[in-house]
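Enquirer: One structure follows; several queries about it will come next.
The values are calculated or read from the model by the stated rules, or taken from the named source; none is laboratory data. Treat the numbers as computed from the prediction; the structure is a model and nothing was measured. Note: ideal-geometry Cβ built from the backbone for every residue, glycine included; neighbour counts use all protein chains shown.
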Amino acid sequence: MKYFLIILLLFSFSLNATTIHVGKNYPIKSVKEGIALTKDGDTLMVHGGWYKEGNIIIDKKIVFIGKGLPVLDGEKKHEVLSIKSDSVVVDGFKVIKSAYATITDPCGIKVYNAKYVIIQNNVLDDNFFGIYLQNCQKCTIKNNRLKAYGKEEQQLGNGIHCWKSNDILIIANRIDGHRDGIYFEFVFDSLIWRNISTNNVRYGLHFMFSHSDTYITNIFRNNGAGVSVMYTKGVKMFNNTFEQNWGDSAYGLLLKDISDSYIFNNKFISNTSGIYLEGGSRNKIEKNQFISNGWGMKIQANCMDNEIVNNNFLKNTFDISTNGSLVLNTFNNNYWDKYEGYDLNRDGVGDVPYHPLSLFAVLVESNPSTMLLYRSFMITLLDKSEKVLPSITPDNFVDNKPLMKPLPL
Amino acid sequence: MCFKLIKKMNRIIKIILSDILKNKIVLAFTLILAILSWSSFALEDNSSKGLLTILNVILFTVPLVSILFATIYLYNSSEFIELLLSQPIKRVKIWMSLFIGLSTSMVIAFLLGAGIPLLIYSPNAVGFMMISVGSIISIVFVALAFLSSIVTRDKAKGIGIAIMIWLFFALLFDGLVLFLLFQFADYPIEKAMVGITALSPIDLARIQILLHLDVSAMMGYTGAIFKDFFGTSLGLIVSFLLLCLWAIIPFSISLKMFKSKDL
């Protein structure tokens with residue numbers, strides 16, 4: 001009991017934190033001045049107003065709260081908010097107009113080498129980079145809205161950019177009009193959950209060398225080149241929506257050299273290509289919906305041991321396309337709306353194997369202009385005869401157990 | 001005077017129309033179209049398969065029936081035409097009224113058979129595009145029928161020519177294009193190919209529908225070239241004008257031949 005009291009006493013000492021107010025109606029008018037007055041553990045409450053104070057640096061463990069959405073304006077000359085301490089909370093600010101520079105990458109909010117930082121409920125408007133985590137651990141980015149207005153890739157920075165970090169939580173942010181919505185490089189063991197990334201000039205989500213991250217229930221819509229993920233293993237993608245990514249090199253989801261990953265229950269709707277898989281191995285693509293895409297999946301011949309099971313392929317122009325005759329992947333128990341087989345024993349599985357690769361898909365792959373003839377009667381005729389007697393398409397490119405009814409996903 | 005002529009023409013059109021619309025083949029055609037379209041829409045839970053069936057009907061059945069029926073009708077009504085010619089009516093008026101009567105009836109058959117289900121199940125850009133393109137295709141192939149029936153007096157030969165025309169546009173032309181595409185695969189021929197499609201009314205029709213039906217795939221590289229041309233409102237107007245030319249040119253050639261033909 002004595003020890004307990006001593007510990008309690010010690011705690012009460014450290015709990016001796018104060019709240020400092022900054023605002024028009026308070027003695028302290030400037031944010032920088034306010035920060036200078038705080039010590040570790042204090043709260044700095046900034047009241048509504050327009051603060052043009054250049055680069056604001058937080059180098060103490062403080063809670064930095066905006067009340068009535070105060071605006072921090074970088075006037076296109078400064079990085080707006082730099083966080084250089086652990087355990088900082090930034091809540092409820094409107095951060096606008098960071099500078100533009102390609103060497104220092106000025107940001108709306110940048111966190112340098114810190115842990116346990118929370119950035120939440122902020123609005124970021126017209127910044128070069130939005131929120132940038134550099135060498136951070138166990139940080140949370142939650143409920144922020146980011147918007148940028150550039151037209152060209154080189155004028156724009158990324159929305160949420162993380163570099164060499166781990167255990168990051170990125171939850172419920174909306175990113176619009178940046179270069180890449182969310183960008184990861186060397187970021188491990190992180191969770192990206194319920195974000196909406198739209199109209200970005202390059203990718204909605206872009207990551208490289210970021211192992212063991214999980215992406216759940218995000219929406220990636222109408223981004224310049226869709227979503228692109230490369231050189232990573234152990235990715236988990238559940239329940240995401242990839243839609244309306246249109247263009248020749250735009251993909252709902254581009255997977256390059258991705259291995260040991262699990263792609264489950266996602267929706268790919270109206271993309272030029274739903275999934276583009278290149279050099280991937282040991283991935284499982286299960287229970288996804290491919291609807292109204294130009295190409296449901298483009299799976300290159302250099303992929304191996306991928307399992308594509310229990311997916312629905314509906315209303316796609318081409319369900320599958322590939323660039324060679326080598327097939328080292330398995331396609332089983334999928335529903336293909338172009339399947340024309342029968343099911344005599346009524347077990348829900350078609351009795352005739354289905355060859356999802358159409359002759360015309362192969363023709364278009366080797367000579368893209370052939371697209372001009374799509375749906376012409378002659379092409380239909382060629383396709384039908386190829387289905388009966390595969391000669392050009394690889395005959396082991398086959399779903400041996402095609403489903404008769406779409407899976408209820 | 002002019003008014004009187006139009007009135008006379010109207011009367012001939014009316015006679016021809018009522019004759020054709022009572023024709024069993026046209027009735028059967030309408031019925032078959034209707035059964036095909038309704039069943040393909042009703043049986044499938046997604047409307048895209050129904051649309052595909054109707055697309056095939058537009059690109060395949062409609063041209064065939066239009067050109068064959070019109071050719072046969074023209075040969076069968078040669079006596080009626082001769083009777084009309086003995087009256088004080090200009091040849092142009094007679095040929096025009098025949099054309100208007102035949103194409104109107106084919107368009108009505110198409111609209112009743114395939115147009116109504118399209119309007120009900122797919123009341124969007126694709127549906128309207130299919131209806132308009134289907135109607136124009138009917139007229140184009142009636143015009144081609146006029147050409148094939150005026151070329152020769154022999155009925156069997158005329159029908160043969162009609163079938164050949166249909167076969168060429170429905171099948172052989174695409175084979176030719178495919179051959180060209182692979183022969184010249186090393187050259188940037190995408191734009192030239194856009195020009196070549198103008199040489200077949202069926203291809204023009206198909207691409208217009210394709211741009212609405214397979215939007216996602218058409219956003220790919222070559223698709224984008226076609227979309228840049230055909231997808232713009234200028235391209236749309238140009239390709240519809242070209243389709244109209246496909247009706248006007250064969251018909252005007254046949255009209256010229258009919259005017260100077262010794263019957």
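Enquirer: Can you name every residue in region A:220-264 that is on the phi < 0 side of the Ramachandran plot, more than 14 Å from chain B (Cβ to nearest Cβ) and aromatic (Phe, Trp, Tyr)?
Expert: Result: A:Phe220, A:Phe238, A:Tyr262, A:Phe264.
Enquirer: Okay, next question. Going through A:Lys151, A:Lys110 one at a time, which residue ends up being of a type outside the set (Phe, Trp, Tyr) and assigned to a loop (DSSP other than H, G, I, E, B)?
Expert: On the way: A:Lys110 fails: assigned to a loop (DSSP other than H, G, I, E, B).
Unique residue meeting the criteria: A:Lys151.
Enquirer: Based on what the data block shows, is B:Asn23 within 14 Å of another protein chain (Cβ to nearest Cβ) and either out of contact with any strand residue (DSSP E or B) (no Cβ under 6 Å at 6 or more places or on another chain) or surrounded by 12 or more Cβ atoms within 10 Å (Cβ to Cβ) (or both)? Reasoning before the result, please.
Expert: On the way: within 14 Å of another protein chain (Cβ to nearest Cβ): no; either out of contact with any strand residue (DSSP E or B) (no Cβ under 6 Å at 6 or more places or on another chain) or surrounded by 12 or more Cβ atoms within 10 Å (Cβ to Cβ) (or both): yes.
Here the answer is no, as B:Asn23 does not meet what is asked.
Enquirer: Counting only residues that are buried (at least 24 other Cβ atoms within 10 Å of the Cβ) and either on the phi > 0 side of the Ramachandran plot or of a type in the set (S, T, N, Q) (or both), how many does region A:72-121 have?
Expert: 1
Enquirer: Select, from A:Pro390, A:Pro356, A:Pro406, the only residue that is part of a loop (DSSP other than H, G, I, E, B) and within 14 Å of chain B (Cβ to nearest Cβ).
Expert: None of the other options fit; the residue is A:Pro406.
Enquirer: For region A:337-369: of the residues being touching an Asp or Glu at 6+ places or on another chain (Cβ under 7 Å) and under 30 Å from B:Val177 (Cα atoms), which is surrounded by the most Cβ atoms within 10 Å (Cβ to Cβ)? Show your work before the answer.
Expert: Keep residues of region A:337-369 that are touching an Asp or Glu at 6+ places or on another chain (Cβ under 7 Å), which gives A:338, A:341-344, A:349-351, A:353-354, A:356, A:358-360, A:369.
Checking which are under 30 Å from B:Val177 (Cα atoms) leaves us with A:338, A:354, A:356, A:358-360, A:369.
On the way: A:Lys338: 17, A:Tyr354: 22, A:Pro356: 24, A:Ser358: 23, A:Leu359: 19, A:Phe360: 23, A:Ser369: 26.
In this case the residue turns out to be A:Ser369.
Enquirer: On to the next question. Among the residues in region A:50-70, are any within 27 Å of the chain's Cα centre (by Cα) and among the polar types (S, T, N, Q)?
Expert: Looking through region A:50-70, none of the residues is within 27 Å of the chain's Cα centre (by Cα) and among the polar types (S, T, N, Q).
Enquirer: So A:His206 ticks every box in (1) surrounded by fewer than 24 Cβ atoms within 10 Å (Cβ to Cβ); (2) within 22 Å of A:Asp248 (Cα to Cα) but one. Which box is left unticked?
Expert: The failed condition is (1).
Enquirer: Quick one: how many residues across region B:119-150 are touching a residue at least 60 places away in the same chain (Cβ under 8 Å) and outside any helix (DSSP H, G or I)?
Expert: 1
Enquirer: Going by the structure shown, is B:Ser40 farther than 29 Å from B:Ile161 by Cβ, crowded, with 17+ Cβ neighbours inside 10 Å and at pLDDT 85 or above? Break it down into steps so the answer makes sense when it comes.
Expert: Working: farther than 29 Å from B:Ile161 by Cβ: yes; crowded, with 17+ Cβ neighbours inside 10 Å: yes; at pLDDT 85 or above: yes.
Against the criterion (farther than 29 Å from B:Ile161 by Cβ, crowded, with 17+ Cβ neighbours inside 10 Å and at pLDDT 85 or above), B:Ser40 qualifies.
Enquirer: To continue, here is another question. Helices (runs of 4 or more DSSP H) wholly in region B:1-90 with at least 3 residues that are farther than 24 Å from B:Ile202 by Cβ and out of contact with any helix residue (DSSP H, G or I) (no Cβ under 9 Å at 6 or more places or on another chain) - which ones? Break it down into steps so the answer makes sense when it comes.
Expert: On the way: elements: B:2-21, B:24-43, B:47-56, B:62-76, B:78-85.
Those helices (runs of 4 or more DSSP H) span B:2-21, B:78-85.
Enquirer: In addition: Pick out the one residue from A:Asp351, A:Asp319 that is of a type in the set (D, E, K, R), touching a Gly at 6+ places or on another chain (Cβ under 9 Å) and in a strand (DSSP E or B). If you could, list the steps in order and put the result at the bottom.
Expert: Numbers: A:Asp351 fails: in a strand (DSSP E or B).
One residue alone meets the criteria, A:Asp319.
Enquirer: Can we say A:Gly252 is farther than 18 Å from A:Asn200 by Cα, surrounded by 24 or more Cβ atoms within 10 Å (Cβ to Cβ), in contact with a Ser or Thr (Cβ under 9 Å, 6 or more places away or on another chain) and small (Gly, Ala, Ser)?
Expert: So A:Gly252 does not fit the description; no.
Enquirer: Continuing with the same structure: Condition first: surrounded by fewer than 22 Cβ atoms within 10 Å (Cβ to Cβ), more than 14 Å from chain B (Cβ to nearest Cβ), under 31 Å from the mean Cα position of the chain (by Cα) and at pLDDT below 90. Can you find one or more residues in region A:300-310 that meet it?
Expert: Just the residues of region A:300-310 that are surrounded by fewer than 22 Cβ atoms within 10 Å (Cβ to Cβ), to begin with: A:300-302, A:304-305, A:307, A:309-310.
From the residues that got through so far, the ones that are more than 14 Å from chain B (Cβ to nearest Cβ) too are A:300-302, A:304-305, A:307, A:309-310.
Pick out the ones that are also under 31 Å from the mean Cα position of the chain (by Cα) and you get A:300-302, A:304-305, A:307, A:309-310.
The next check asks that each one be at pLDDT below 90; those that pass are none.
No - not one qualifying residue is present in region A:300-310.
Enquirer: Being within 12 Å of chain A (Cβ to nearest Cβ), without any contact (Cβ under 8 Å) to a residue 24 or more places away in the chain and of a type in the set (S, T, N, Q), is that true of even one residue in region B:215-222? Spell out how you get there, then give the answer.
Expert: Taking region B:215-222 and keeping what is within 12 Å of chain A (Cβ to nearest Cβ), we get B:215-222.
Subset that is without any contact (Cβ under 8 Å) to a residue 24 or more places away in the chain: B:215-221.
So of that shortlist, the ones also of a type in the set (S, T, N, Q) come out as B:216.
Yes, region B:215-222 has at least one match.
Enquirer: Let me ask something additional. Report those helices (runs of 4 or more DSSP H) wholly inside region B:151-210 carrying at least 2 residues which are under 18 Å from B:Ser239 (Cβ atoms) and either more than 10 Å from chain A (Cβ to nearest Cβ) or touching a residue at least 24 places away in the same chain (Cβ under 8 Å) (or both). Outline the logic, then answer.
Expert: Values: elements: B:155-167, B:173-183, B:190-197.
Counting at least 2 such residues, we get B:173-183, B:190-197.
Enquirer: For a quick check of your reading of the model, give me the residue pairs whose first member lies in region B:79-93 and is closer than 11 Å to B:Ile12 by Cβ, whose second is surrounded by 15 or more Cβ atoms within 10 Å (Cβ to Cβ) and of a type in the set (A, V, I, L, M), with beta-carbon atoms closer than 6 Å and at least 6 apart or on different chains.
Expert: Short answer, once both residue conditions are applied: B:Leu84/B:Ile94; B:Lys93/B:Met9.
Enquirer: As an exercise: evaluate A:Leu328 against (1) more than 22 Å from A:Glu243 (Cβ to Cβ); (2) crowded, with 16+ Cβ neighbours inside 10 Å and give the number of the one condition it does not meet.
Expert: Condition not satisfied by A:Leu328: (2).
Enquirer: Can you pull out every residue in region B:52-65 that is under 11 Å from B:Ala114 (Cβ atoms) and more than 10 Å from chain A (Cβ to nearest Cβ)?
Expert: Those that are under 11 Å from B:Ala114 (Cβ atoms) and more than 10 Å from chain A (Cβ to nearest Cβ): B:Thr53, B:Ile54, B:Val57, B:Ile58, B:Thr61, B:Val62.
Enquirer: Can I ask one more? Going by what's in this entry, would A:Asp180 be described as within 14 Å of another protein chain (Cβ to nearest Cβ) and either hydroxyl-bearing (Ser, Thr, Tyr) or assigned to a loop (DSSP other than H, G, I, E, B) (or both)? Give the steps one after another, and end with the answer.
Expert: Details: within 14 Å of another protein chain (Cβ to nearest Cβ): no; either hydroxyl-bearing (Ser, Thr, Tyr) or assigned to a loop (DSSP other than H, G, I, E, B) (or both): yes.
So A:Asp180 does not fit the description; no.
Enquirer: Let me ask another. Output the residue which, of all residues in region A:154-169 that are small (Gly, Ala, Ser) and part of a loop (DSSP other than H, G, I, E, B), is surrounded by the fewest Cβ atoms within 10 Å (Cβ to Cβ).
Expert: First, the residues of region A:154-169 that are small (Gly, Ala, Ser): A:157, A:159, A:165.
Filter again for part of a loop (DSSP other than H, G, I, E, B), leaving A:157, A:159.
Numbers: A:Gly157: 25, A:Gly159: 32.
Checked region A:154-169; the qualifying residue surrounded by the fewest Cβ atoms within 10 Å (Cβ to Cβ) is A:Gly157.
Enquirer: Which of the following residues is among the basic types (Lys, Arg) and under 20 Å from A:Ser228 (Cβ atoms): A:Arg179, A:Arg145? Can you show your working first?
Expert: Values: A:Arg145 fails: under 20 Å from A:Ser228 (Cβ atoms).
Testing whether each residue is among the basic types (Lys, Arg) and under 20 Å from A:Ser228 (Cβ atoms) leaves just A:Arg179.
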